[in-house]
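Chemist: Below you'll find the structure I mean.
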Amino acid sequence: MTDQNTPNVSGPNLPEPVVKRRRVNASWIWLVPAVAALIGLSLVINAWRQQGPAITISFQTAQGLESGKTVVKYKDVVIGKVTSIRLSQDHGKVVVKVDLDKSASDIAVSDSRFWVVRPRIGLGGVSGIDTLLSGSFIGVDVGKSSQPQTDFVGLEAPPSVLHDSRGKSFTLQSGDLGSLDIGSPVYYRRIQVGRVASYKLDDNGKGVTLQIFVDSPYDKFVTTESRFWNASGVDVSLSADGLKLNTQSLATVLAGGVAFNDAPGPHPDEKPAAENTTYTLFDTEANAMAPPDGEPRYIVMRFDQPLRGLAVDAPVEFRGINFGRVVSIRMDYDEKTNQFPIYVGALIYPDRLGRVHTKLEAIAKSRGDSDESQIVTTMVAQGLRAQAKVGNLLTGQLFISLDIVPHALKATDYNPNARPLQIPTIPGSFDKLQEQMAQIVDKISKIPFDAIGNNLNHTLADLDSTLKQVNGDLLPAFHETLKGANKTLSAANQTLGTANSALSADSPLQQNLAGTLQELQRMARSLRALTDYLNTQPSSLIRGRGKDAPLPDTGTPAAQPQQGSKP
Amino acid sequence: MSALPRAHELGLIGCHVCGQVCRDNQLLDPACPRCGSSLHRRKPYSCARTWALLIAAFIFYIPANVLPIMRTVSLGDVDDNTILSGVVELWVKGSPDLAVIVFTASIVVPMLKFLVLATLLLSAQRGTPWARRQRSMLYRLVEFIGYWSMLDVFVVSLLTALVQFGFFSEVAPLPGVVYFGLTVVLTMLASQSFDPRLIWDCKDEDD
């Protein structure tokens, strides 16, 4: 076969190949996969080195979470990514698996906390708006512990206090939560200085314990003397000063808040409170600022009169000082007297009486009594009585007033050994007032108005006859007298008219008087001429008048020579 | 034998470049006397080269699939997609036709190339005469589809260039696409370096 074809194709004119230098050895090509392998290996190593711990976080819901997409952020830096989301074994929770970065491996410690950052709109404000567009992410609060942990329970709401925030936590005890919530503001002098971190019901269910966090540097204002109160809502008070409306801020009105301040008065030994100091959370600022109540005592009072207007929580006062409140009002039936007495139970806070209580306590101690009941017994003997008094005339609200009533009737039903102590009572002031009014009315009704009227009538008749006598006898005589007087007056008038005419300008008396005065004037002039002459010629008195002396009667002696010398 | 003669049986060697037929004088490194390009009866070290390139391509194919290839940001919503997750997303979001296209171009074609080339190489090295025509067809198929494997790379580069609206919408390439591109290039080189004549270099048994 080949022999047949050979002559056709391998002609003599076919050229021989030439030798060329050798090309690249084929084994070099293996460098390509080697390099690829190196790159691949470096990728693997890099990924392995970047790989941090994988942790699982359980949440109530996976709302907003997406595997492979949702990231874990700390201070807005991505430190991990959700790799898978699945339900827990009992389908009660969502277990989210997160791969943390190598750099964030120390975040997986036992007290780290995780939560889902979603847009939240609350009364206190809006948060997480950026996640509306970018989608939710998992926030983390890095703990301070060094104990590694891989399984976490996620928080359903962002923690209000982060581990790296500086400040102090305090504990508040309260009867109820009010309108407070996690994140509610804490105010000091109306500046927000912290927030409510958490709250929980006490184990016995009888109160609520709140944790608040006060930021640095305000935490130093929380002192051993600080008082906390619930600043929620609007405090409207009507007093002698008028209507007062007191709130912290509009946000507090809606969302609630806690405020604190030092108790009034000087505090020489106050110092910043230690972390986690426990305080009582009062209902109102007034209660918070009031002196501490101390241990309450329970007393009972029996009232025989109706107590309309007395309500639970009505104040109990001792000499006007509020030191307790009514806690119960019960009605009873007394078989002996067939009456319906009302038993009023009250809690009293002797500490509110301040020095009174401390002194009484000291006395009781010095006497060796177990409590102050002996002193109360003494006081009852002196007249300590409870009274239901009207506190408000408009509404008729009653309060209980304890006071030492002088000349009180001796208490018959007081038993010093009974517990609780039953304080004897006297009728309330309003009842007393009613009684006195009745007495007054009674007295008024006893006044003999008829007799008084008859007497008055007689007296008036007498008066009438007397007046008649006066009219008949006295008045005519009086008339005569007046006539006489009139005459006398007209005579006087005439006399005055004569005097008047005598004094008029054209009367002869006046004329004579004028002539006399002229004469007198003339005489005075001649007398002056004489004196002038004598003044110049004193010798004339002795020698007589000179020859050429002018006439003494008119003109001056000097005037004539002067006149004569002129022509 | 009734079979047609082959060049090496006639002691001839042809130039790949200018078509010059030379006498095969068993030189070590023959070159064409007319155009100077090197002469070889078969592509030199074809199997080894193809294997090397194929293995390199396969190595790169792993990160190309594991690493995300594209980041799409729309209204702050950052979305990193690998090839497969992109396919799934397209399918879920109601574009099954596009999903099929992308899946074919990015997953099926490269895998097909790996399998076909590996099969061709193994069979060629064994010298088995099994299904030689079909294997030749497979080779032509691989050669043909090689051009279309860059679809993903083109999509990413086009989108990156076109979609840059800042916050509203943005597309950015991620490392995966580089590895994918390398895979495609290396598989093309591998299929080029394979000499299909090796398929036929075996003892003729059927004819």
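The values are calculated or read from the model by the stated rules, or taken from the named source; none is laboratory data. On a predicted model such as this, the values are computed, not experimentally measured, just so you know. Note that we place each Cβ from the backbone using ideal geometry, even for glycine, and neighbour counts take in every protein chain shown.
Chemist: Got a sec? Which of B:Leu186, B:Leu174, B:Leu198, B:Leu182 is of a type in the set (A, V, I, L, M) and more than 14 Å from chain A (Cβ to nearest Cβ)?
Modeler: B:Leu198
Chemist: If a residue must be facing chain A (nearest Cβ under 9 Å) and either at positive phi or charged (D, E, K, R) (or both), how many such residues does region B:10-32 contain?
Modeler: Looking only at that region, the number is 4.
Chemist: What tally of residues in region A:277-321 results from selecting those that are among the β-branched types (Val, Ile, Thr) and either in a loop (DSSP other than H, G, I, E, B) or touching a helix residue (DSSP H, G or I) at 6+ places or on another chain (Cβ under 6 Å) (or both)?
Modeler: Going through region A:277-321 one residue at a time, the tally reaches 3.
Chemist: Residue under question is A:Gln147, and the condition is that it be in contact (Cβ under 8 Å) with a residue 12 or more places away in the chain and either assigned by TED's automatic domain parsing to the domain that holds A:Gly205 or hydroxyl-bearing (Ser, Thr, Tyr) (or both); does it hold?
Modeler: no
Chemist: For A:Gly80, indicate whether it is modelled with pLDDT of 85 or more and within 9 Å of chain B (Cβ to nearest Cβ).
Modeler: no
Chemist: Output the qualifying pairs, or none if there are none: Cβ atoms under 8 angstrom, residues six or more apart or on different chains, first residue in region A:477-502 and free of Cβ contacts under 8 Å to residues at least 60 places away in the same chain, second residue in a helix (DSSP H, G or I) and surrounded by fewer than 10 Cβ atoms within 10 Å (Cβ to Cβ).
Modeler: Correct list of pairs: empty, since none qualify.
Chemist: (1) more than 30 Å from A:Thr131 (Cβ to Cβ); (2) surrounded by 13 or more Cβ atoms within 10 Å (Cβ to Cβ); (3) small (Gly, Ala, Ser): which one isn't true of B:Ser95, the others all being true?
Modeler: (1)
Chemist: Also, quick follow-up: Take B:Leu198 and decide whether it is more than 21 Å from B:Ile83 (Cα to Cα), in contact with a helix residue (DSSP H, G or I) (Cβ under 8 Å, 6 or more places away or on another chain) and among the aliphatic types (A, V, I, L, M).
Modeler: It is true that B:Leu198 is more than 21 Å from B:Ile83 (Cα to Cα), in contact with a helix residue (DSSP H, G or I) (Cβ under 8 Å, 6 or more places away or on another chain) and among the aliphatic types (A, V, I, L, M).
Chemist: Right, another one. Against the definition (modelled with pLDDT under 85, facing chain B (nearest Cβ under 9 Å) and on the phi < 0 side of the Ramachandran plot), how does A:Val18 come out, yes or no?
Modeler: Answer is yes for this residue.
Chemist: Against the definition (in contact with a helix residue (DSSP H, G or I) (Cβ under 8 Å, 6 or more places away or on another chain) and either touching a residue at least 40 places away in the same chain (Cβ under 8 Å) or within 8 Å of another protein chain (Cβ to nearest Cβ) (or both)), how does B:Phe103 come out, yes or no?
Modeler: no
Chemist: Also, quick follow-up: In region A:305-331, which residue that is free of Cβ contacts under 8 Å to residues at least 60 places away in the same chain and among the polar types (S, T, N, Q) is farthest from A:Gly354 (Cα to Cα)?
Modeler: Among those that are free of Cβ contacts under 8 Å to residues at least 60 places away in the same chain and among the polar types (S, T, N, Q), it is A:Ser328.
Yes/no matrix, rows are residues, columns are (1) out of contact with any Leu (no Cβ under 8 Å at 6 or more places or on another chain); (2) buried (at least 17 other Cβ atoms within 10 Å of the Cβ); (3) at pLDDT 85 or above; (4) in the same structural domain as A:Ala386 (by TED's automatic domain parsing):
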| site | (1), (2), (3), (4) |
| --- | --- |
| A:Ala273 | yes, yes, yes, no |
| A:Thr278 | no, no, yes, no |
| A:Asp283 | yes, no, no, no |
| A:Met301 | yes, yes, yes, yes |
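Chemist: Follow-up. Which members of region B:55-96 meet the condition of being without any contact (Cβ under 8 Å) to a residue 40 or more places away in the chain, in contact with a Leu (Cβ under 8 Å, 6 or more places away or on another chain) and more than 20 Å from B:Ser157 (Cβ to Cβ)?
Modeler: B:Asp77, B:Pro96
Chemist: Can you pull out the residues in region B:25-62 that are among the hydroxyl-bearing types (Ser, Thr, Tyr), farther than 25 Å from B:Ile199 by Cα and outside the structural domain of B:Lys113 (by TED's automatic domain parsing)?
Modeler: Hits for region B:25-62: nothing passes.
Chemist: Can I ask one more? Might you let me know whether region B:59-71 holds any residue that is surrounded by fewer than 20 Cβ atoms within 10 Å (Cβ to Cβ), at pLDDT 85 or above and more than 30 Å from B:Ala118 (Cα to Cα)?
Modeler: yes
Residue-by-condition table, conditions (1) within 7 Å of another protein chain (Cβ to nearest Cβ); (2) in a loop (DSSP other than H, G, I, E, B); (3) at pLDDT below 80:
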| site | (1), (2), (3) |
| --- | --- |
| A:Asn5 | yes, no, yes |
| A:Asn8 | no, no, yes |
| A:Leu14 | yes, yes, yes |
| A:Arg23 | yes, yes, yes |
| A:Ile29 | yes, no, no |
| A:Val32 | yes, no, no |
| A:Ala36 | yes, no, no |
| A:Ile39 | no, no, no |
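Chemist: Give me a count of the residues in region B:154-165 that are over 10 Å from B:Ala105 (Cβ atoms) and crowded, with 18+ Cβ neighbours inside 10 Å.
Modeler: 1
Chemist: Could I ask something else about it? Identify, from the list A:Ser179, A:Ser160, the residue that is farther than 23 Å from A:Glu66 by Cβ, assigned by TED's automatic domain parsing to the domain that holds A:Asp283 and either hydroxyl-bearing (Ser, Thr, Tyr) or in contact with a His (Cβ under 7 Å, 6 or more places away or on another chain) (or both).
Modeler: The conditions single out A:Ser179.
Chemist: Mind listing whichever residues of region A:57-73 are of a type in the set (Val, Ile, Thr), in a loop (DSSP other than H, G, I, E, B) and within 14 Å of another protein chain (Cβ to nearest Cβ)?
Modeler: Selection gives A:Thr70 alone.
Chemist: Find the residue count for region A:136-176, including only residues that are surrounded by fewer than 19 Cβ atoms within 10 Å (Cβ to Cβ), part of a loop (DSSP other than H, G, I, E, B) and of a type in the set (A, V, I, L, M, F, W, C).
Modeler: Residues in region A:136-176 being surrounded by fewer than 19 Cβ atoms within 10 Å (Cβ to Cβ), part of a loop (DSSP other than H, G, I, E, B) and of a type in the set (A, V, I, L, M, F, W, C): 2 in total.
Chemist: Looking only at region B:5-40, which residues are of a type in the set (D, E, K, R) and either assigned to a strand (DSSP E or B) or farther than 11 Å from A:Pro15 by Cβ (or both)?
Modeler: B:Arg6, B:Glu9, B:Arg23, B:Asp24, B:Asp29 - these are the residues of region B:5-40 that are of a type in the set (D, E, K, R) and either assigned to a strand (DSSP E or B) or farther than 11 Å from A:Pro15 by Cβ (or both).
Chemist: Hey, could you check region B:33-51 for residues that are in contact (Cβ under 8 Å) with a residue 12 or more places away in the chain and within 7 Å of chain A (Cβ to nearest Cβ) and say which is nearest to B:Val178 (Cα to Cα)?
Modeler: Once the filter is applied, the top-ranked residue is B:Arg49.
Chemist: While we're on this one: Determine the pairs where a residue that is closer than 19 Å to A:Asp219 by Cβ and touching a residue at least 24 places away in the same chain (Cβ under 8 Å), located within region A:264-275, has a partner that is surrounded by 10 or more Cβ atoms within 10 Å (Cβ to Cβ) and of a type in the set (A, V, I, L, M, F, W, C) with Cβ atoms under 9 Å apart, the partner being 6 or more residues away or on another chain.
Modeler: That search, which allows pairs on different chains as well, returns A:Pro272/A:Phe221; A:Pro272/A:Val222; A:Ala273/A:Phe170; A:Ala273/A:Val222; A:Glu275/A:Phe170.
Chemist: Among the candidates A:Ser127, A:Ser110, A:Ser58, which residue alone is surrounded by fewer than 17 Cβ atoms within 10 Å (Cβ to Cβ), at pLDDT 85 or above and within 46 Å of the chain's Cα centre (by Cα)?
Modeler: Exactly one residue qualifies, and that residue is A:Ser110.
Chemist: Working only within region A:130-158, note down all residues that are within 14 Å of chain B (Cβ to nearest Cβ) and either closer than 25 Å to A:Ser179 by Cβ or among the hydroxyl-bearing types (Ser, Thr, Tyr) (or both).
Modeler: Answer for region A:130-158, where residues must be within 14 Å of chain B (Cβ to nearest Cβ) and either closer than 25 Å to A:Ser179 by Cβ or among the hydroxyl-bearing types (Ser, Thr, Tyr) (or both): A:Thr131, A:Ser134, A:Ser136.
Chemist: Taking the condition of being among the aromatic types (Phe, Trp, Tyr) and surrounded by fewer than 22 Cβ atoms within 10 Å (Cβ to Cβ), how many residues in region B:175-201 meet it?
Modeler: 1
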